[in-house]
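Reviewing the structure listed below.
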Amino acid sequence: MTLIPLVALLASTATAGDVPRSGYFGAGVNLEPLSLGPVQAFSGGRVAVGISLQAALQVDLGSRWAFRLPLEVGTGGSGDSTFSELGLTPGLLYRWRNDADQRWVPYLGAGLKLGAAGAGREFLGLPLVTTVQSLDFDFDDDDGDSDDPNFESRLGAFPEVWAGVEWHPNRWFSLNVQAAYTYVRVLGTSVHLLHERVGVRFSL
(Lines give C-alpha, C1' and ligand atoms only; values in the text may rest on other atoms or scores of the structure.)
Protein backbone atom coordinates (compact mmCIF):
# COMPACT_ATOMS: atom_id res chain seq x y z
CA MET A 1 0.00 0.00 0.00
CA THR A 2 3.04 2.30 0.32
CA LEU A 3 3.18 2.59 -3.48
CA ILE A 4 -0.13 4.52 -3.66
CA PRO A 5 1.07 7.61 -1.73
CA LEU A 6 4.30 7.58 -3.78
CA VAL A 7 2.40 7.54 -7.07
CA ALA A 8 0.08 10.30 -5.84
CA LEU A 9 3.08 12.42 -4.84
CA LEU A 10 4.78 11.93 -8.19
CA ALA A 11 1.61 12.81 -10.06
CA SER A 12 1.09 15.96 -8.02
CA THR A 13 4.66 17.19 -8.50
CA ALA A 14 4.90 16.31 -12.18
CA THR A 15 2.69 19.11 -13.48
CA ALA A 16 5.18 21.94 -13.01
CA GLY A 17 4.80 24.71 -15.52
CA ASP A 18 1.24 23.66 -16.40
CA VAL A 19 2.47 21.31 -19.12
CA PRO A 20 -0.43 18.98 -20.03
CA ARG A 21 -0.13 15.24 -20.26
CA SER A 22 0.91 13.79 -23.60
CA GLY A 23 -1.46 12.74 -26.35
CA TYR A 24 -3.84 14.24 -28.88
CA PHE A 25 -6.49 14.93 -26.22
CA GLY A 26 -3.99 15.36 -23.37
CA ALA A 27 -5.23 12.17 -21.70
CA GLY A 28 -1.73 10.74 -21.33
CA VAL A 29 -2.68 7.22 -22.48
CA ASN A 30 -0.04 5.76 -24.81
CA LEU A 31 -0.11 2.41 -26.62
CA GLU A 32 2.92 0.85 -28.30
CA PRO A 33 1.66 -2.15 -30.30
CA LEU A 34 5.12 -3.19 -31.49
CA SER A 35 8.76 -2.44 -30.69
CA LEU A 36 11.56 -4.58 -32.04
CA GLY A 37 15.32 -4.70 -32.30
CA PRO A 38 18.41 -6.72 -31.41
CA VAL A 39 19.27 -8.09 -27.98
CA GLN A 40 22.69 -9.16 -26.77
CA ALA A 41 23.27 -11.54 -23.86
CA PHE A 42 26.57 -11.65 -21.95
CA SER A 43 27.72 -14.30 -19.49
CA GLY A 44 31.31 -14.86 -18.35
CA GLY A 45 32.86 -13.48 -21.51
CA ARG A 46 30.43 -15.34 -23.78
CA VAL A 47 28.10 -13.39 -26.07
CA ALA A 48 24.91 -14.42 -27.87
CA VAL A 49 22.83 -12.23 -30.17
CA GLY A 50 19.11 -12.42 -30.91
CA ILE A 51 15.90 -10.46 -31.40
CA SER A 52 13.64 -8.70 -28.90
CA LEU A 53 9.92 -7.94 -29.37
CA GLN A 54 7.80 -5.76 -27.10
CA ALA A 55 4.34 -4.26 -26.71
CA ALA A 56 3.65 -1.67 -24.01
CA LEU A 57 1.06 0.48 -22.30
CA GLN A 58 2.23 3.79 -20.84
CA VAL A 59 0.06 6.08 -18.72
CA ASP A 60 1.12 9.59 -17.72
CA LEU A 61 1.10 10.36 -13.99
CA GLY A 62 1.70 14.00 -14.81
CA SER A 63 3.65 16.04 -17.34
CA ARG A 64 6.94 14.20 -16.69
CA TRP A 65 6.41 10.99 -14.70
CA ALA A 66 4.72 7.97 -16.32
CA PHE A 67 3.81 4.40 -15.42
CA ARG A 68 4.98 1.90 -18.03
CA LEU A 69 3.87 -1.72 -18.50
CA PRO A 70 5.74 -3.55 -21.29
CA LEU A 71 5.31 -7.19 -22.28
CA GLU A 72 8.34 -8.57 -24.08
CA VAL A 73 9.97 -11.69 -25.43
CA GLY A 74 13.57 -12.18 -26.50
CA THR A 75 15.56 -15.09 -27.82
CA GLY A 76 18.89 -15.73 -29.52
CA GLY A 77 22.07 -17.72 -29.76
CA SER A 78 22.54 -21.15 -31.30
CA GLY A 79 23.18 -24.75 -30.28
CA ASP A 80 23.75 -25.06 -26.53
CA SER A 81 24.77 -21.39 -26.33
CA THR A 82 21.26 -19.93 -26.37
CA PHE A 83 19.14 -17.67 -24.20
CA SER A 84 15.50 -16.65 -24.00
CA GLU A 85 13.24 -14.51 -21.84
CA LEU A 86 9.58 -13.65 -21.42
CA GLY A 87 8.34 -11.05 -18.98
CA LEU A 88 5.97 -8.30 -17.89
CA THR A 89 7.81 -5.29 -16.45
CA PRO A 90 5.82 -2.69 -14.47
CA GLY A 91 7.88 0.41 -13.76
CA LEU A 92 8.18 4.19 -13.64
CA LEU A 93 10.00 6.58 -15.95
CA TYR A 94 10.88 10.25 -15.89
CA ARG A 95 10.77 12.37 -19.07
CA TRP A 96 12.53 15.68 -19.61
CA ARG A 97 9.38 17.21 -21.03
CA ASN A 98 8.71 20.95 -20.87
CA ASP A 99 6.23 21.62 -23.67
CA ALA A 100 3.12 19.92 -25.05
CA ASP A 101 4.55 20.10 -28.58
CA GLN A 102 8.13 19.15 -27.67
CA ARG A 103 9.62 17.21 -30.58
CA TRP A 104 12.36 15.23 -28.77
CA VAL A 105 11.71 13.88 -25.25
CA PRO A 106 14.53 11.97 -23.49
CA TYR A 107 13.72 9.75 -20.52
CA LEU A 108 15.09 7.35 -17.89
CA GLY A 109 13.22 4.65 -15.99
CA ALA A 110 13.31 1.34 -14.18
CA GLY A 111 11.06 -1.61 -13.47
CA LEU A 112 10.95 -5.17 -12.18
CA LYS A 113 10.54 -7.84 -14.84
CA LEU A 114 8.23 -10.66 -13.75
CA GLY A 115 8.61 -13.74 -15.91
CA ALA A 116 10.94 -16.48 -17.07
CA ALA A 117 14.50 -16.57 -18.33
CA GLY A 118 16.69 -19.38 -19.56
CA ALA A 119 20.06 -20.12 -21.11
CA GLY A 120 22.03 -23.01 -22.53
CA ARG A 121 24.63 -24.60 -20.29
CA GLU A 122 27.40 -23.82 -22.78
CA PHE A 123 26.45 -20.15 -22.68
CA LEU A 124 26.51 -20.26 -18.85
CA GLY A 125 29.97 -21.84 -18.89
CA LEU A 126 28.68 -25.08 -17.35
CA PRO A 127 29.53 -28.62 -18.47
CA LEU A 128 27.08 -30.17 -20.89
CA VAL A 129 24.85 -33.05 -19.83
CA THR A 130 25.83 -35.95 -22.04
CA THR A 131 23.82 -38.78 -20.45
CA VAL A 132 20.06 -38.83 -19.93
CA GLN A 133 17.68 -41.49 -18.80
CA SER A 134 16.57 -43.34 -21.92
CA LEU A 135 13.36 -44.54 -20.25
CA ASP A 136 11.43 -42.24 -17.98
CA PHE A 137 7.73 -42.99 -17.53
CA ASP A 138 7.21 -40.61 -14.61
CA PHE A 139 4.67 -38.41 -16.36
CA ASP A 140 3.72 -36.73 -13.08
CA ASP A 141 7.22 -35.29 -12.66
CA ASP A 142 6.59 -31.54 -13.01
CA ASP A 143 9.81 -29.86 -11.92
CA GLY A 144 9.65 -27.01 -14.45
CA ASP A 145 12.73 -28.15 -16.39
CA SER A 146 12.95 -28.01 -20.16
CA ASP A 147 12.98 -31.18 -22.24
CA ASP A 148 16.52 -30.21 -23.25
CA PRO A 149 18.89 -31.20 -20.39
CA ASN A 150 21.38 -28.58 -21.58
CA PHE A 151 18.94 -25.67 -21.30
CA GLU A 152 18.35 -24.22 -17.83
CA SER A 153 15.44 -21.93 -17.00
CA ARG A 154 13.92 -20.17 -14.02
CA LEU A 155 10.95 -18.05 -12.97
CA GLY A 156 11.50 -14.88 -11.01
CA ALA A 157 11.69 -11.11 -10.78
CA PHE A 158 14.60 -9.40 -12.53
CA PRO A 159 15.64 -5.71 -12.28
CA GLU A 160 15.58 -3.68 -15.49
CA VAL A 161 16.54 -0.08 -16.34
CA TRP A 162 15.48 1.95 -19.39
CA ALA A 163 16.86 4.91 -21.31
CA GLY A 164 15.63 6.40 -24.54
CA VAL A 165 14.19 9.26 -26.50
CA GLU A 166 10.74 9.83 -27.99
CA TRP A 167 10.37 11.60 -31.33
CA HIS A 168 6.99 13.36 -31.67
CA PRO A 169 6.13 14.67 -35.16
CA ASN A 170 2.68 15.44 -33.71
CA ARG A 171 0.69 14.81 -30.52
CA TRP A 172 -0.95 11.51 -31.45
CA PHE A 173 1.96 9.59 -33.01
CA SER A 174 5.61 9.11 -32.05
CA LEU A 175 8.60 6.82 -32.36
CA ASN A 176 10.26 5.46 -29.23
CA VAL A 177 13.99 4.68 -29.53
CA GLN A 178 15.06 2.87 -26.38
CA ALA A 179 17.69 0.74 -24.72
CA ALA A 180 17.06 -1.56 -21.75
CA TYR A 181 19.37 -3.52 -19.46
CA THR A 182 18.19 -6.61 -17.56
CA TYR A 183 20.12 -8.58 -14.94
CA VAL A 184 19.31 -12.28 -14.47
CA ARG A 185 20.92 -15.13 -12.55
CA VAL A 186 20.53 -18.67 -13.88
CA LEU A 187 22.01 -21.53 -11.83
CA GLY A 188 24.09 -19.03 -9.88
CA THR A 189 25.55 -17.53 -13.07
CA SER A 190 25.06 -13.88 -14.00
CA VAL A 191 23.46 -13.09 -17.36
CA HIS A 192 23.33 -9.51 -18.64
CA LEU A 193 20.80 -8.62 -21.36
CA LEU A 194 21.05 -5.46 -23.45
CA HIS A 195 18.06 -4.59 -25.66
CA GLU A 196 17.91 -1.91 -28.35
CA ARG A 197 14.44 -1.36 -29.80
CA VAL A 198 12.46 1.06 -31.95
CA GLY A 199 8.70 1.19 -31.52
CA VAL A 200 5.66 3.06 -32.78
CA ARG A 201 3.34 4.77 -30.32
CA PHE A 202 -0.20 6.14 -30.49
CA SER A 203 -1.27 8.66 -27.83
CA LEU A 204 -4.68 9.92 -26.70
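Quick notes on this structure:
- Computed extension gain for ASP148 through VAL29, at 0.36 nm per residue and net of the alpha carbon distance, reaches 38.6 nm.
- Extension gain, ALA163 to LEU36: 0.36 nm times the residue separation minus the Cα-Cα distance gives 44.2 nm.
- Placing a label point 7 Å from the Cα of LEU69 along the Cα-to-Cβ direction, the residues of the range 21-49 whose backbone N falls under 15 Å from that point are 29-33.
- Here the spin labels are modelled as points 7 Å beyond Cα on the Cα-Cβ line, and at ASP18 and ARG103 they lie 2.6 nm apart.
- Label point distance in nm, TYR183-ARG171, each placed 7 Å from Cα along Cα→Cβ: 4.1 nm
- Shape category assigned to the range 72-129 from the gyration tensor of Cα positions, a/c cut at 1.5: prolate
- Other residues with beta-carbon under 9 Å from the beta-carbon of ASN176 carry, at +1 per Lys or Arg and -1 per Asp or Glu, a net charge of 0.
- Carbon plus sulfur fraction of accessible area for the range 17-112, probe 1.4 Å, in percent: 68 percent
The values are calculated or read from the model by the stated rules, or taken from the named source; none is laboratory data. No experiment lies behind these values; they were computed from the predicted model shown. All Cβ positions, even for glycine, are placed from backbone atoms using ideal geometry, and neighbour counts span all protein chains on display. For the accessible areas, the whole protein counts, side chains as well, though only heavy atoms, and no ligand, DNA or RNA atoms are used. Shrake-Rupley method; radii C 1.70, N 1.55, O 1.52, S 1.80 Å.
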